[in-house]
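Below is one structure; the comments refer to it alone.
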Amino acid sequence: MKLRHYLGISAGFHDAAAAVVDSAGRILFAAHSERYSGIKGDPNISEGLRQELTQYPIDTIAYYERPWLKQLRRLYSGEGVEWHRLTARQVLRQQLGTMTKNCEIQTHGHHLCHAAAGFQTSPFDRATVVVIDAIGEWDTISIWGAEYVDGRAKYTKLWGQKYPHSIGLFYTAMTERVGLRPMEDEYVLMGMAAYGNRSLASIMSQDYITHE
């Protein structure tokens, strides 16, 4: 039986990456865009990475979120709709050009992709997976039951917390508050936290937390 080739893409927001996996479950290629462009956290698929991907006969492209749901959340939050990024095919055409022409396009939930990345690269056959993110399409925290059934990973969503309630966005707000770059320097803030004290906790609470 002919093997199918799947291209997984995360791009358009930050730290773009791609991986090629065949239907036997083998990872044939994986890389971050920044390794080719030299741009730290490059949000887009760079030309060098795109050229690498053309070496593989791709049958299906899987995108890491559902764009229309993300745009609905942007509309709700007052950010406005990015009409040129409303569908996965629009986004992938911008990122991959003509590579998308004869490929099946699939989309998967943002948090489900995080859960799969954790579970399917682990040594466990069964696990509870917790995803804490700034934001996916709507979810900011999710808990999943994960297990292999007949050799295939299966996921059941057990619980979720939705926007605007987000530990990750609070973390990013703190990063910006101390003068660091949000969505990039959070790891620096994490390191600095060991040297902090509680003297500013009440000010941060007043500025960033709604008390009912």
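Listed values, structure above:
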quantity: Residue list for the stretch 192-203, filter: surrounded by 10 or more Cβ atoms within 10 Å (Cβ to Cβ) and either of a type outside the set (Val, Ile, Thr) or under 17 Å from Asp133 (Cβ atoms) (or both); calculated: Met192, Gly196, Leu200, Ala201
quantity: The one condition in (1) open to solvent by less than 30 Å² (accessible area, probe 1.4 Å); (2) modelled with pLDDT under 90; (3) over 15 Å from the mean Cα position of the chain (by Cα) that Asp185 fails to fulfil; calculated: (2)
quantity: Answer from Glu65, Glu79 - the residue that is assigned to a loop (DSSP other than H, G, I, E, B), out of contact with any strand residue (DSSP E or B) (no Cβ under 9 Å at 6 or more places or on another chain) and on the phi < 0 side of the Ramachandran plot; calculated: Glu79
quantity: Within the stretch 156-212, helices (runs of 4 or more DSSP H) holding 2 or more residues that are aromatic (Phe, Trp, Tyr) and either without any contact (Cβ under 8 Å) to a residue 60 or more places away in the chain or more than 22 Å from Pro43 (Cα to Cα) (or both); calculated: 167-177
quantity: Filter pass, Gln95 being surrounded by fewer than 17 Cβ atoms within 10 Å (Cβ to Cβ), among the polar types (S, T, N, Q), at pLDDT 95 or above and within 16 Å of the chain's Cα centre (by Cα); calculated: no
quantity: Qualifying position, being open to solvent by 30 Å² or more (accessible area, probe 1.4 Å), over 20 Å from Cys113 (Cα atoms) and touching a Gly at 6+ places or on another chain (Cβ under 9 Å), among Arg35, Arg66; calculated: Arg35
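Yes or no, residue by residue, for (1) open to solvent by 30 Å² or more (accessible area, probe 1.4 Å); (2) within 21 Å of Tyr64 (Cβ to Cβ):
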position	(1), (2)
His108	yes, yes
Ala115	no, yes
Phe119	no, yes
Ile209	yes, no
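The values are calculated or read from the model by the stated rules, or taken from the named source; none is laboratory data. None of the values given here were measured: they were computed from a predicted structure. Positions of Cβ are generated from backbone atoms using ideal geometry, with glycine treated the same way; all protein chains shown enter the neighbour counts. Please note that ligands, DNA and RNA were not included when accessible areas were found on the heavy atoms of the full protein model with its side chains. Shrake-Rupley method; radii C 1.70, N 1.55, O 1.52, S 1.80 Å.
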